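Undergrad: The structure follows.
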Ligand code: CTP
């Protein structure tokens, strides 16, 4: 008896007109080599960067940009209808705007309108375009509708510019596609959930020009917020001194001190399904705030700074769950006996999960990448290898989703 042929998932790779179009060749290669049947739909301007012959040769399918080619097959309807996944890489600001507003003036935008499968956008553009309120709103709209918009990477852009807007690594886009395909037509797993994430580091003022602070950049917390939004959650991000642009589709509350952070968390927590405390909270604050700048006095030693304890927010929300079944996650940066200290801290704080990082040179603070072990109150231990902070964030949400049932 003939063996039934394995069904190859049908992927449409949309390519819009940006210099990063050449990197989509690597994504296409990864997709075809792992058994996907890929149809490339470039825009007219994408063909200025990579020609139709390349797409056709790499995908094994004909390539056209317009709805008028092969009209007897009605490709603008068929391609979208038959796809298991549409991924647009690179997605320019113009393409995101068209997708958000339902414009359909070429084969790719027609395909996006007829697709009933999951859609992944991998944006690439100049930082100013990514940060423009019009693009932020378009991204928020697309995410609200269930599309996955991967955050662009930070780094060298076309020419001498550097900043946020680089096409994410093809390997990262490929992983996002695999995850979305594995999920199938099911809704993203955090749809209908409200999650609260704290990020950054608190600053405890000493006088009008000085504070006691820490080196947390907030990048891990922002990665948690972005990935939760991409997985369908309503996200409240409580940001302490991060200085980063608000992630699209996320409610951001800015705070300065530990006391303000506590207030914001307690206000947002009552209807939250999960609270993730990624912020580095100062354990102590100066007992007194000098309303004028503290001056040196000739011939005198400085006055000692007297500190008082700040509230432990994580312990407090873990002890008084605002809602039955709420999942509480903490973070711990440790230098020695990392896992043993982590286990003790998990018990002391009473949270469900504790993400334990080892702090060291190039590790954790300000870095783009991270590695960690996630300890569970149920005794579980999940190792997350060195990689982008997004990958750690995804693992945290996987573990949260499992606990939310
Ligand atoms: N945390 C908090 N409130 C504080 C201090 C910390 O909510 N006042 C939270 C952090 O957001 C983090 C977790 O507790 O999720 C662990 O933070 P860490 O600074 O490692 O813990 P500490 O309690 O400060 O422990 P120690 O200083 O003894 O290492």
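Undergrad: If you line up the Cα atoms of the range 208-309 on their principal axes, what length do they span on each, largest first, in Å?
TA: 61, 26, 18
Undergrad: Moving on to the next point. Given the Cα atoms of the range 101-258, and with Rh set as the inverse mean 1/r over their pairs in the Kirkwood sense, what is Rg to Rh to two decimals? Please report the intermediate quantities before stating the final value.
TA: On the way: Rg = 17.6 Å, Rh = 17.3 Å.
With Rh from the inverse mean 1/r over Cα pairs, Rg/Rh is 1.02.
Undergrad: Would you list 177, 117 from fewest to most Cβ contacts within 10 Å? Let's see the in-between values first.
TA: Numbers: 177 27, 117 19.
In increasing order of surrounding Cβ atoms, one gets 117, 177.
Undergrad: If you don't mind, there's one more thing I want to ask. Percent of alpha carbon pairs in the range 138-189 separated by more than 19 Å?
TA: On the way: 545 of 1326 pairs.
Summing the P(r) of the range 138-189 above 19 Å gives 41 percent of all pairs.
Undergrad: With r defined as the distance between the Cβ atoms of residue 44 and residue 371 and R0 fixed at 30 Å, what FRET efficiency is calculated, to the nearest 0.05?
TA: Details: r = 43 Å, r/R0 = 1.44.
Here the calculated transfer efficiency is 0.10.
Undergrad: Then there is this: Determine, for 194, 48, 126, the number of other Cβ atoms within 10 Å of each Cβ, and report the residues in order from fewest to most. Mind dumping the intermediate values first?
TA: On the way: 194 20, 48 13, 126 17.
Least to most surrounded, the residues fall as 48, 126, 194.
Undergrad: Given the Cα atoms of the chain, and with Rh set as the inverse mean 1/r over their pairs in the Kirkwood sense, what is Rg to Rh to two decimals? Provide the component values of the computation, followed by the final result.
TA: Working: Rg = 24.1 Å, Rh = 23.0 Å.
Ratio value, two decimals: 1.05.
Undergrad: Rounded to the nearest 0.05, what FRET efficiency do residue 298 and residue 132 have when you use their Cβ-Cβ distance and R0 = 45 Å? Mind dumping the intermediate values first?
TA: Numbers: r = 53 Å, r/R0 = 1.18.
Taking R0 as 45 Å, the efficiency between residue 298 and residue 132 is 0.25.
Undergrad: Give the Rg (one decimal place) followed by the Dmax (whole number) of the range 296-337, computed from C-alpha coordinates and expressed in Å.
TA: Just the Cα atoms of the range 296-337 yield Rg and Dmax of 19.4, 60 Å.
Undergrad: What order, most packed first, do the peptides 327-338, 272-283 have when packing is the mean number of other Cβ atoms within 10 Å of each residue? Walk me through the numbers on the way to the answer.
TA: Values: 327-338: 18.8, 272-283: 24.8.
Taking the mean over residues of other Cβ atoms within 10 Å, the ranking is 272-283, 327-338.
Undergrad: Restricting to the chain, what percent of DSSP beta bridges are antiparallel, rounded to 5? Present the calculation step by step, with values, prior to reporting the outcome.
TA: Details: 21 of 64 bridges.
Percent antiparallel among DSSP bridges in the chain is about 35.
Undergrad: Highest GNM mean-square fluctuation, the chain, Cα pairs closer than 10 Å: which of 195, 120, 250?
TA: Of 195, 120, 250, the most mobile in the Gaussian network model is 250.
Undergrad: Could I ask something else about it? Taking only the Cα atoms of the range 10-183, how large is their convex hull per residue, in Å³?
TA: Details: hull volume 17.2 nm³, N = 174.
Here the figure is 99 Å³ per residue.
Undergrad: List the pair-distance distribution P(r) of the range 332-400, using every Cα-Cα distance, as the percent of pairs falling in each 5 Å bin from 0 up to the bin containing the longest distance, rounded to whole percents.
TA: Percent of pairs per bin, in order: 4, 17, 30, 25, 18, 6, 0.
Undergrad: Using alpha carbons only, what's the Rg to Rh ratio of the range 153-215 with Rh from Kirkwood? Don't skip to the answer; put the middle values down first.
TA: On the way: Rg = 19.7 Å, Rh = 16.5 Å.
Looking at the range 153-215, the ratio lands at 1.19.
Undergrad: Per DSSP H run of n ≥ 4, the term is -39500 (n - 2.57); total these for the chain, divide by its residue number, and report the mean residue ellipticity at 222 nm rounded to 500 deg cm²/dmol. It would help to have the intermediate numbers written out before the result.
TA: On the way: 13 runs with 134 residues, N = 405.
After summing the helix terms and dividing by the residues of the chain, the value is -10000 deg cm²/dmol.
Undergrad: Now for a separate question. Taking the Cβ of each residue in 386, 222 as the centre, tally the other Cβ atoms inside 10 Å and list the residues starting with the fewest. Numbers along the way, then the final one.
TA: Details: 386 12, 222 27.
With the fewest neighbours first, 386, 222 line up as 386, 222.
Undergrad: On to the next question. Using a Gaussian network model on the chain with a 10 Å cutoff between Cα atoms, which of 91, 104, 223 fluctuates the most?
TA: Largest GNM mean-square fluctuation: 104.
Any read-out appearing in this document is the output of simple, stated calculations on the displayed coordinates, not a laboratory observation. The model shown is predicted, which means the values in this text are computed figures rather than measured ones. Using ideal geometry, Cβ is built from the backbone for each residue, glycine included, and neighbour counts are taken over all protein chains shown.
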